[in-house]
Amino acid sequence: MDLILSSGFLAFARQAGVLSAVEAAEAAGRLSIDGVCGTSSGALAGSLWASGMSAAQVAAELAGQTPLSMVALHLQPWRGLFAMDRVIARLAEVLPPTFEDLPRPFAVGVIDRQGRPHLLRSGPLAPAVAASCAMPYVFRPVEIEGRLWQDGGAKDRLGLDGWRAWRGQRPLLVHLVSPTHGPAEEPPLHDVTLVRTPASGASFLSLGDFEGQRAEAEGLARTALGL
C-alpha cells in the first residue's frame, strides 16, 4: 500500500498524528506502507518519515520552531515575500541528498511557472520538498536544476494522477486535510482508504496546540484504520 499526504496550511501536527496511526497499524500487521507521496505540509512530513524518522521524531522536528523563524524576507518581494533558503538548509541537514537515497519510493507535488501540476521524484531532495511548500506570492519559487517550482497544493492537493501514472493502481491510504479557506474540489476517492482531518488553525507566528492537533489526527486515523 502507498501513502498519500495532502497539502494543508502548516498542518504538521495533523500529518504527524496520521503517521503515528500508520505506524500502529503497521505494528499490528494491518497494513504495510511502501511508497509515500506528499504535497506542501505532506511533502515535509512525508519526506522526514520516508527517510526513516519515526512519527514521534517527525513531530519533534516540525514542532521545534515557529514557521516565521524558518523563513527570511526576500530582497525581491514581487517574486515572493519570503525565501526558503533556511528551510532548504535545515532539510539538507536531516534528509538524504537525493530522492534516490531514500529507502522507499517518494514524490512531492509541485507546480511549474505556468501553474501546471507535476510530481518530483528524482534528483535533489531538500530543494524539492521546500518547493512543494513554497506557496505562490508568499514564497519565491525554488530553482532546481534550472527550473522554478512552487507549492503543488495551489492546483492539486493530492497528486493522485501523477502518482498512479508512476506507481500504477496500487492500494492507497490517503490523508486529506481540510482546506483552510473554503471548499476545495476533490478527485474521486471511493477507491482509497481515506483519513480526513480538520484544518490546522496554525499561523506563521504559532502552530497552536500542536500536541492536541496531533492527538486528534491520530485518533481519527486510528478509527479509519480500524484500530
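How many residues does segment 23-44 hold that are surrounded by fewer than 24 Cβ atoms within 10 Å (Cβ to Cβ) and part of a helix (DSSP H, G or I)? Explain how you work it out, then say what you get.
The initial filter retains those residues of segment 23-44 that are surrounded by fewer than 24 Cβ atoms within 10 Å (Cβ to Cβ), namely 23-35.
Among the residues that remain, those that are also part of a helix (DSSP H, G or I) are: 23-27.
Matching residues across segment 23-44 total 5.
State the number of residues belonging to segment 123-155 that are in a loop (DSSP other than H, G, I, E, B), touching a Leu at 6+ places or on another chain (Cβ under 9 Å) and open to solvent by less than 20 Å² (accessible area, probe 1.4 Å). Please lay out each step first, then the result.
Kept after step one, since they are in a loop (DSSP other than H, G, I, E, B), are these residues of segment 123-155: 123, 133-138, 140-141, 145-146, 155.
Adding the requirement that they be touching a Leu at 6+ places or on another chain (Cβ under 9 Å) leaves 133, 137-138, 140-141.
Checking which are open to solvent by less than 20 Å² (accessible area, probe 1.4 Å) leaves us with 141.
Residues in segment 123-155 being in a loop (DSSP other than H, G, I, E, B), touching a Leu at 6+ places or on another chain (Cβ under 9 Å) and open to solvent by less than 20 Å² (accessible area, probe 1.4 Å): 1 in total.
Condition (residue is basic (Lys, Arg), surrounded by fewer than 19 Cβ atoms within 10 Å (Cβ to Cβ) and touching a strand residue (DSSP E or B) at 6+ places or on another chain (Cβ under 6 Å)) applied to segment 103-117: is it met by at least one residue?
Of all residues in segment 103-117, those basic (Lys, Arg) come to 104, 113, 116.
So of that shortlist, the ones also surrounded by fewer than 19 Cβ atoms within 10 Å (Cβ to Cβ) come out as 104, 113, 116.
Subset that is touching a strand residue (DSSP E or B) at 6+ places or on another chain (Cβ under 6 Å): 113.
Within segment 103-117, one or more residues are basic (Lys, Arg), surrounded by fewer than 19 Cβ atoms within 10 Å (Cβ to Cβ) and touching a strand residue (DSSP E or B) at 6+ places or on another chain (Cβ under 6 Å).
This table checks each residue for (1) modelled with pLDDT under 95; (2) of a type in the set (Ser, Thr, Tyr); (3) touching a Cys at 6+ places or on another chain (Cβ under 9 Å).
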site: His118; (1), (2), (3): no, no, no
site: Ser122; (1), (2), (3): no, yes, no
site: Ala126; (1), (2), (3): no, no, no
site: Val129; (1), (2), (3): no, no, no
site: Ala134; (1), (2), (3): yes, no, no
site: Trp149; (1), (2), (3): no, no, no
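For segment 4-12, does any single residue satisfy the condition of being more than 24 Å from Asp191 (Cα to Cα), among the small types (Gly, Ala, Ser) and at pLDDT below 95?
Let us first name the residues in segment 4-12 that are more than 24 Å from Asp191 (Cα to Cα), namely 9-12.
Pick out the ones that are also among the small types (Gly, Ala, Ser) and you get 11.
Next, only the ones that are at pLDDT below 95 stay: 11.
Yes: segment 4-12 contains one or more residues that are more than 24 Å from Asp191 (Cα to Cα), among the small types (Gly, Ala, Ser) and at pLDDT below 95.
Let me spell it out: the conditions are (1) over 17 Å from Ser6 (Cα atoms); (2) at pLDDT below 90; (3) among the β-branched types (Val, Ile, Thr), and Thr223 meets all of them except one. Which number is the exception?
(2)
Any residue at all in segment 184-193 that is in contact with a Phe, Trp or Tyr (Cβ under 9 Å, 6 or more places away or on another chain) and under 19 Å from Gly38 (Cα atoms)?
no
Of the residues Ser20, Ser47, only one is of a type in the set (Ser, Thr, Tyr), part of a helix (DSSP H, G or I), open to solvent by 10 Å² or more (accessible area, probe 1.4 Å) and out of contact with any Ser or Thr (no Cβ under 8 Å at 6 or more places or on another chain); which?
Working: Ser47 fails: open to solvent by 10 Å² or more (accessible area, probe 1.4 Å).
One residue alone meets the criteria, Ser20.
When you scan segment 158-178, do you find a residue that is touching a strand residue (DSSP E or B) at 6+ places or on another chain (Cβ under 7 Å) and of a type in the set (Lys, Arg), even just one?
Looking for residues that are touching a strand residue (DSSP E or B) at 6+ places or on another chain (Cβ under 7 Å) and of a type in the set (Lys, Arg), one finds at least one in segment 158-178, hence yes.
Quick check, is Gly208 closer than 22 Å to Ser132 by Cα, modelled with pLDDT under 90 and in a loop (DSSP other than H, G, I, E, B)?
Details: closer than 22 Å to Ser132 by Cα: no; modelled with pLDDT under 90: yes; in a loop (DSSP other than H, G, I, E, B): yes.
For Gly208, the condition - closer than 22 Å to Ser132 by Cα, modelled with pLDDT under 90 and in a loop (DSSP other than H, G, I, E, B) - is not met.
Under 8 Å between Cβ atoms, at least 6 apart or on separate chains: pull out the pairs that start in segment 156-179 with a residue that is among the hydroxyl-bearing types (Ser, Thr, Tyr) and end on any residue that is open to solvent by less than 10 Å² (accessible area, probe 1.4 Å) and in a strand (DSSP E or B).
Ser178/Thr197
Do we find that Pro77 is at pLDDT 95 or above and either open to solvent by 20 Å² or more (accessible area, probe 1.4 Å) or of a type in the set (A, V, I, L, M, F, W, C) (or both) in this structure? Steps first, please.
On the way: at pLDDT 95 or above: no; either open to solvent by 20 Å² or more (accessible area, probe 1.4 Å) or of a type in the set (A, V, I, L, M, F, W, C) (or both): yes.
Judged against the criteria, Pro77 is not a match.
Regarding Val71, is this residue of a type outside the set (Gly, Ala, Ser), buried (at least 16 other Cβ atoms within 10 Å of the Cβ) and at pLDDT 95 or above?
Values: of a type outside the set (Gly, Ala, Ser): yes; buried (at least 16 other Cβ atoms within 10 Å of the Cβ): yes; at pLDDT 95 or above: no.
Against the criterion (of a type outside the set (Gly, Ala, Ser), buried (at least 16 other Cβ atoms within 10 Å of the Cβ) and at pLDDT 95 or above), Val71 does not qualify.
The values are calculated or read from the model by the stated rules, or taken from the named source; none is laboratory data. All values reported here derive from a predicted model rather than from experimental measurement. With ideal geometry, Cβ positions are generated from the backbone for all residues, glycine too; neighbour counts draw on all protein chains shown. Side chains included, ligands, DNA and RNA excluded: accessible areas come from the protein's heavy atoms. Shrake-Rupley method; radii C 1.70, N 1.55, O 1.52, S 1.80 Å.
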